[in-house]
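> Let me begin by handing over the structure; questions about it come next.
The values are calculated or read from the model by the stated rules, or taken from the named source; none is laboratory data. Computed from a prediction, not measured in an experiment: that's the story for all the values here. Here the Cβ positions follow ideal geometry from the backbone for every residue, glycine too, while neighbour counts run over all protein chains shown. Note: accessible area is taken over every heavy atom of the protein model, side chains too, but ligands, DNA and RNA are not part of it. Shrake-Rupley method; radii C 1.70, N 1.55, O 1.52, S 1.80 Å.
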Amino acid sequence: MGPFTQTGQLTRLALRRDWWRLLLWGVSLVGLMMAVAAKFATIYGTPAEIAGITQALKTPAIVALFGPFRLGTHATTAQVFANEMLLFMALIQVVMSISLGIHATRHEEDTGITELLRAHAIGSLAPLQAAVIELTLINLSIGILDALGLSLAGLPGATWLGNWVIGLGLAASGWVFGMLALLSAQLADHATSATGLAYALFGLSYLVRMLTDVQAPRYTWLSPLGWVEKLAPYQQPRLLPLILFGGLGLLCLGSASVWAQCRDLGAGILTIRAGRATAARALRGPITLLWRQEYRVIMGWVLGITVLGAAYGAVFDTIGDILKTNPTMQQVFGTNALHAANHQLILTYSSTIALVLTAVASIPGLQLIFKLYHDDLSGWLDALYARPVSRQRLLLGYTGSAVTTSCLVFLGGWSGLVLVGNFSLTHAADGLTWSEFLTGVAGSVPVMALLLGLGALVVGAWPQGRLVVWGYLAYAFISQYLGNLLQLPHWAKSLGVFDWLPTVPDHAINWVTVSWELGLAISCGLIGLGSYVRRNLQSHGSQAFHLIFTI
Amino acid sequence: MTQPILQINHLQKRFGTFTALHDITFTVNAGEVFGFIGPNGAGKSTTIRTLLGVIRASGGSATIFGHDVWRDRVTIHQRLAYVPGDVTLWPNLTGGEIIDLLLRLNGVAHSARTDRLITRFALDPTKKARTYSKGNRQKVALIAAFSQPADFYIFDEPTAGLDPLNEKYFQEAVLALKQQGKAVLLSSHILSEVERMCDRIAIIRDDTIIETGTLADMRHLTRTQITITTQTPVDPAALPGIHEARVGHQVNEWQFAVEADQLPGVLAALARHQIVALTSTPPTLEDLFLHYYGKE
């Protein structure tokens, strides 16, 4: 009867509990990797095609987003692929590991399942160990499939060793953040704060990675996410990053195990203080209740994205300096034309960041809308149902809070970018103007409104479709973010909501498009409201779908 | 008060092809505590959810204060209080905050009465709901319900998880509501509680109400336990309406159960053998319960 007794049984249980999640993540990650690899083989198959893109990949804006361009003039397709895609794939795999890690440990503990299990003859570390095995299995499987898929894709210039360095490197980066999530799960006092802690550390390593990539690539070694870039799989495959990943992961796991053994079940280091004996004056309805519960999370998002925006802004001076990539500019054009060109560079870069910020800001909004469904099923709304609180008020309250949250988060990131960016410039006139700032806001709000309207529609009429909305957000974002790099056909991009308006602020706002987008968003919301008022609650809403048609 | 507070008529609920409620009919009047009992999964909670307008009936009708429970749910809920069987609270709010919030949702403020109830039920209102035991979560919901002025109270297994002392406070509070002329619907598994507190009872089984009435009415439907000693030997097993007859410990002592409507005839027949001692035990609610539930 050691601390690991029954780990095998618990692992089987965990795999059964999560098989659908694991399958979905695995298929999406490996599928995306292979689709992009296949696309690269066709569009960047020849040296001429590669030479055509190289200039763009060297711009600081692309470096900030995708990682530095470290290839010589004779780069192969495989090298370009690894250079541009590794970081992006690693980011998604990290998100997967954090969500799986917290779900398998702290979430189970919050629901009381761990307590039920611990009453049986299982080792004190067995639940944690089962989560470790689950995370190792999924990351390793994805890594192996990535490596096999890359061999299959046969990119020009790919090597057997390189394929496996990529596979194992991605597996290791996902795994290490999974171990970090397990440590957060031990330190925090419930699942939400554990997730917040893990993402804060993830965000920090992303910021260090980005700032050092643009300004001092030597120091990228400081960030675990930077190690992914140092793999250099098709030039000089390095194994040091893999060793570093292993070491850091084991360190996290070791600390997590120590904490898991000495702390009380259900408690964290952050101990619970006595709270208020009576409610604050402001807490008096479903909306204030939602904010009372969620304000820490919302503030965390706003703060996090403001820092991210500020970090993207901190490189304005490097990005908005056309002489760095084109030193002959000054002789050819005058100083005025130079500043105009610099301003244009910053504008294009900011538009791309605006897209990222819009997509990220939609996430907490959608989570808030979907919380209406989770709160309903988990019984938190039971107490409200017996009170004079109409369903209109509930749905509109959640949706309104979601829209406010998304707007706040976007504004945080966007002002962080513009303020810090403009401040960092040597020539302040190269920066974004007040009206360009507002154009950015005006272009982003309808996109978030559409996504949140879709969320309200789904929560009202077809709650099982939540995954479809997440999938659509991911598709819309990826098709736009990677669209130019992958030379996606126009129709594929135009399926995504980000494509309906030209990017802002580097283009003018089309108010007609904005109007119909907002109209569509409101209509979606109203249909959702109509179905929500009519459907049965506290059920999975299987018949709710039919109700839409019987309004 | 001629108009019943709650009126349910042939209520039905289907989820697709699955029937959750088959035929529910009963009424609850003002000044009455109405017991709602039945085995697990018989449809008690589904009935209550329908009454709260959380799910929509597929057939029949249900009204509270004369209003339709689905259409006018918000109007009804202004004068209704409810305590669910499995109380789920917002984990990062304290008990005190939750009580105040629940009261404000009904437009009521925290009162001296609320403070008395908190003291009475011995709840620490400064603790986060995450740390509460099942009984403490139950208390939060009960305190909020009792300090809210309502005309109709619904309790769904409210005392499961409470200690005997708090259970007693609960019963006193409900009886006080009754004296004020309020209507109470009490769903419970604790039969002694129902027996003590309820004026009328409905028994639900397999999604259908199979019996409604006072406990006295229902007793007529079942058997009375008799222990009898006679002077001369007798064999009661041969008499009509007698079940489970057993020889007792004493000479000429018998124990048996007799159907309520056969009791006069049986006693008359036994009296001819000179009764020495006789005890009769009326059926408890538990007997009734087992009688109905065990029936195939």
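> Exactly one condition in (1) among the polar types (S, T, N, Q); (2) modelled with pLDDT of 95 or more; (3) surrounded by fewer than 18 Cβ atoms within 10 Å (Cβ to Cβ) is false for A:T426; which is it?
Answer for A:T426: the failing condition is (2).
> Please state which one of A:S173, A:S124 is over 24 Å from the mean Cα position of the chain (by Cα), closer than 25 Å to A:W19 by Cα, in the same structural domain as A:T5 (by TED's automatic domain parsing) and small (G, A, S). Break it down into steps so the answer makes sense when it comes.
Values: A:S173 fails: over 24 Å from the mean Cα position of the chain (by Cα).
None of the others qualify; the one that does is A:S124.
> Hand me the list of helices (runs of 4 or more DSSP H) wholly inside segment A:185-274 holding 2 or more residues that are surrounded by fewer than 18 Cβ atoms within 10 Å (Cβ to Cβ). Spell out the reasoning first.
On the way: elements: A:191-215, A:224-229, A:240-262.
Where helices (runs of 4 or more DSSP H) fall fully within segment A:185-274 and carry at least 2 residues being surrounded by fewer than 18 Cβ atoms within 10 Å (Cβ to Cβ), they are A:191-215, A:240-262.
> For segment A:86-122: of the residues being in contact with a helix residue (DSSP H, G or I) (Cβ under 7 Å, 6 or more places away or on another chain) and more than 25 Å from A:Y199 (Cβ to Cβ), which is most open to solvent (accessible area, probe 1.4 Å)?
First, the residues of segment A:86-122 that are in contact with a helix residue (DSSP H, G or I) (Cβ under 7 Å, 6 or more places away or on another chain): A:86-90, A:92-94, A:96-98, A:100-102, A:104-108, A:110, A:114, A:117, A:122.
Next, from what is left, pick out any that are more than 25 Å from A:Y199 (Cβ to Cβ): A:117, A:122.
Working: A:L117: 45, A:I122: 23 Å².
It comes out as A:L117.
> I'd like the full set of residues that are facing chain A (nearest Cβ under 8 Å), among the hydroxyl-bearing types (S, T, Y) and assigned to a strand (DSSP E or B), limited to segment B:57-112.
Within segment B:57-112, B:Y82, B:T94 qualify.
> From the list B:L215, B:L239, pick out the single residue that is in contact (Cβ under 8 Å) with a residue 12 or more places away in the chain, farther than 30 Å from B:K13 by Cα and touching a helix residue (DSSP H, G or I) at 6+ places or on another chain (Cβ under 7 Å). Steps first, please.
Details: B:L215 fails: farther than 30 Å from B:K13 by Cα.
Among B:L215, B:L239, only B:L239 is in contact (Cβ under 8 Å) with a residue 12 or more places away in the chain, farther than 30 Å from B:K13 by Cα and touching a helix residue (DSSP H, G or I) at 6+ places or on another chain (Cβ under 7 Å).
> Follow-up. Of the residues that make up segment B:187-194, is at least one closer than 19 Å to B:L80 by Cβ and aliphatic (A, V, I, L, M)? Working first, answer last.
Step one: filter segment B:187-194 for residues closer than 19 Å to B:L80 by Cβ, giving B:187-188.
Still in the list and also aliphatic (A, V, I, L, M): none.
No, because not a single residue in segment B:187-194 is closer than 19 Å to B:L80 by Cβ and aliphatic (A, V, I, L, M).
> It is to be established whether one or more residues within segment B:119-134 are under 28 Å from A:W291 (Cβ atoms), within 10 Å of chain A (Cβ to nearest Cβ) and under 25 Å from the mean Cα position of the chain (by Cα).
No; the residues of segment B:119-134 include none that is under 28 Å from A:W291 (Cβ atoms), within 10 Å of chain A (Cβ to nearest Cβ) and under 25 Å from the mean Cα position of the chain (by Cα).
> Additional query: Just the residues that are open to solvent by less than 10 Å² (accessible area, probe 1.4 Å) and touching a Ser or Thr at 6+ places or on another chain (Cβ under 6 Å), please, taken from segment B:166-189.
B:F170
> Can you tell me which of (1) within 10 Å of another protein chain (Cβ to nearest Cβ); (2) over 23 Å from A:T288 (Cα atoms); (3) in a helix (DSSP H, G or I) is the one B:A150 doesn't meet?
(3)
> Looking at this structure, is B:D156 surrounded by 21 or more Cβ atoms within 10 Å (Cβ to Cβ), under 23 Å from B:Q179 (Cβ atoms), more than 7 Å from chain A (Cβ to nearest Cβ) and not small (G, A, S)? Outline the logic, then answer.
Numbers: surrounded by 21 or more Cβ atoms within 10 Å (Cβ to Cβ): yes; under 23 Å from B:Q179 (Cβ atoms): yes; more than 7 Å from chain A (Cβ to nearest Cβ): yes; not small (G, A, S): yes.
Yes, satisfied.
> Give the residues of segment A:514-539 that are out of contact with any helix residue (DSSP H, G or I) (no Cβ under 8 Å at 6 or more places or on another chain) and away from chain B (no Cβ under 14 Å), sorted by residue number. Full working, then the answer.
Pass one, segment A:514-539, residues out of contact with any helix residue (DSSP H, G or I) (no Cβ under 8 Å at 6 or more places or on another chain): A:515-516, A:519, A:526, A:539.
Hits for segment A:514-539 are A:S515, A:W516, A:G519, A:L526.
> Has segment B:138-145 got any residue that is facing chain A (nearest Cβ under 10 Å), farther than 22 Å from B:T75 by Cα and buried (at least 18 other Cβ atoms within 10 Å of the Cβ)? Quick ask: steps written out before the conclusion?
Here is the first cut: in segment B:138-145, the ones facing chain A (nearest Cβ under 10 Å) are B:140-141, B:144-145.
If we keep only those that are farther than 22 Å from B:T75 by Cα as well, we get B:140.
Applying the additional criterion that residues be buried (at least 18 other Cβ atoms within 10 Å of the Cβ) yields B:140.
Yes: one or more hits.
> What strands (runs of 3 or more DSSP E) completely inside segment B:1-41 contain at least 2 residues that are buried (at least 16 other Cβ atoms within 10 Å of the Cβ) and not hydrophobic (A, V, I, L, M, F, W, C)? If you could, list the steps in order and put the result at the bottom.
Details: elements: B:6-15, B:18-28, B:33-37.
Filter on segment B:1-41 gives B:6-15, B:18-28.
> In segment A:6-33, what residues are modelled with pLDDT under 90, polar (S, T, N, Q) and buried (at least 17 other Cβ atoms within 10 Å of the Cβ)?
Hits for segment A:6-33 are A:Q6, A:T7.
> Does any residue in segment B:101-130 that is over 21 Å from A:G275 (Cβ atoms) come within less than 6 Å, Cβ to Cβ, of a residue that is part of a loop (DSSP other than H, G, I, E, B) six or more places away or on a different chain, and which pairs are these?
Taking only residues 6 or more apart or on different chains, the pairs are B:N106/A:R387; B:N106/B:Q148; B:V108/B:Q148; B:R113/B:S147.
> Does B:R113 qualify as being over 30 Å from B:L285 (Cα atoms) and touching a Pro at 6+ places or on another chain (Cβ under 6 Å)? Spell out the reasoning first.
Numbers: over 30 Å from B:L285 (Cα atoms): yes; touching a Pro at 6+ places or on another chain (Cβ under 6 Å): no.
Considered against the rule, which asks whether it is over 30 Å from B:L285 (Cα atoms) and touching a Pro at 6+ places or on another chain (Cβ under 6 Å), B:R113 comes out as no.
> Out of A:L473, A:L451, A:L438, A:L457, which single residue is surrounded by fewer than 17 Cβ atoms within 10 Å (Cβ to Cβ) and either in a helix (DSSP H, G or I) or not assigned by TED's automatic domain parsing to the domain that holds A:S362 (or both)?
Numbers: A:L473 fails: surrounded by fewer than 17 Cβ atoms within 10 Å (Cβ to Cβ); A:L451 fails: surrounded by fewer than 17 Cβ atoms within 10 Å (Cβ to Cβ); A:L457 fails: surrounded by fewer than 17 Cβ atoms within 10 Å (Cβ to Cβ).
Checking each option against the conditions leaves just A:L438.
> Next up: Hey, could you check segment B:42-56 for residues that are charged (D, E, K, R) and open to solvent by 40 Å² or more (accessible area, probe 1.4 Å) and say which is farthest from the chain's Cα centre (by Cα)? Can you show your working first?
Going through segment B:42-56, the residues charged (D, E, K, R) turn out to be B:44, B:49, B:56.
So of that shortlist, the ones also open to solvent by 40 Å² or more (accessible area, probe 1.4 Å) come out as B:49, B:56.
Numbers: B:R49: 16, B:R56: 23 Å.
Out of the qualifying residues, it is B:R56.
> Going by the conditions given, is B:I201 touching a residue at least 60 places away in the same chain (Cβ under 8 Å), surrounded by fewer than 16 Cβ atoms within 10 Å (Cβ to Cβ) and in the same structural domain as B:K44 (by TED's automatic domain parsing)?
On the way: touching a residue at least 60 places away in the same chain (Cβ under 8 Å): yes; surrounded by fewer than 16 Cβ atoms within 10 Å (Cβ to Cβ): no; in the same structural domain as B:K44 (by TED's automatic domain parsing): yes.
Spelling it out, it is not the case that B:I201 is touching a residue at least 60 places away in the same chain (Cβ under 8 Å), surrounded by fewer than 16 Cβ atoms within 10 Å (Cβ to Cβ) and in the same structural domain as B:K44 (by TED's automatic domain parsing).
> In segment A:420-446, what count of residues is obtained for those that are touching a helix residue (DSSP H, G or I) at 6+ places or on another chain (Cβ under 6 Å) and within 18 Å of A:V356 (Cα to Cα)?
7
> When the residues of segment A:356-404 are filtered to those that are free of Cβ contacts under 8 Å to residues at least 60 places away in the same chain and within 16 Å of the chain's Cα centre (by Cα), which remaining residue is nearest to the other protein chains (Cβ to nearest Cβ)?
A:Q367
One line per residue, one yes/no per condition, for (1) modelled with pLDDT under 95; (2) touching a Leu at 6+ places or on another chain (Cβ under 6 Å); (3) open to solvent by less than 10 Å² (accessible area, probe 1.4 Å):
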| position | (1), (2), (3) |
| --- | --- |
| A:I133 | no, no, no |
| A:T136 | no, no, no |
| A:L152 | yes, no, no |
| A:P156 | yes, no, no |
| A:G162 | yes, no, yes |
| A:S173 | no, no, yes |
| A:A181 | no, no, yes |
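> Taking B:P264 as meeting all but one of (1) modelled with pLDDT of 85 or more; (2) open to solvent by 50 Å² or more (accessible area, probe 1.4 Å); (3) assigned to a strand (DSSP E or B), write down the number of the exception.
(3)
> Sort out which residues of segment B:223-239 are modelled with pLDDT of 85 or more and either exposed (fewer than 12 other Cβ atoms within 10 Å of the Cβ) or not hydroxyl-bearing (S, T, Y) (or both), and write them in order of number. Walk me through how you get there before you give the answer.
Of segment B:223-239, the ones modelled with pLDDT of 85 or more are B:226-233.
Matches in segment B:223-239: B:I226, B:I228, B:Q231, B:T232, B:P233.
> Continuing with this model, one more query. Picking from A:F423, A:F410, which residue would you name as being farther than 30 Å from A:R535 by Cα, more than 26 Å from the chain's Cα centre (by Cα) and of a type in the set (F, W, Y)? Break it down stepwise before answering.
Details: A:F410 fails: more than 26 Å from the chain's Cα centre (by Cα).
None of the other options fit; the residue is A:F423.
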